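Each remark here refers to the structure printed beneath this line.
The values are calculated or read from the model by the stated rules, or taken from the named source; none is laboratory data. In this text, all values refer to a predicted model and were calculated from it rather than measured experimentally. Here the Cβ positions follow ideal geometry from the backbone for every residue, glycine too, while neighbour counts run over all protein chains shown.
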Amino acid sequence: MSAQEMHRTEQQTLVPAAEDIYDDGFLRVEHRNYYVACGGSPIKLPRTEFLIFSRLVRTPNRIVTADELWTSVWGGNKPLNSESLHVYIYRLRAKLADFGLQIETMVNVGYRLITTKS
């Protein structure tokens, strides 16, 4: 690898690409850096919770099926465990509630992150 390629790789690592950042002025998610902040306050999320939240943020206010969430976090190696997914969603809801963010359940379909703050 040339010095120029190494420098380019370093820059890509340090500065997240625009598509890897969600920022609506209140909620900021840096997908590559595992960073979440609401109203300027960082929220610490364990890796699995972050990956679920990250997937929901990529399509805010739209339903993401449970299968799609499971596959995006655990890959296709494990069959869907809906009880486990429910536990992670429960934990995320508890952490996000203080910031006015909600994860809505669509029974037998999936989940949706509600980003509009009331």
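Observations on the model:
- Taking each residue of region 77-102 that is assigned to a helix (DSSP H, G or I) and basic (Lys, Arg) and looking for partners that are surrounded by fewer than 15 Cβ atoms within 10 Å (Cβ to Cβ) and modelled with pLDDT of 90 or more with beta-carbon atoms closer than 9 Å, six or more apart or interchain, yields 91/46; 95/44.
- The residue that is farthest from residue 107 (Cα to Cα), counting only those in region 19-75 that are part of a strand (DSSP E or B) and aromatic (Phe, Trp, Tyr), is 35.
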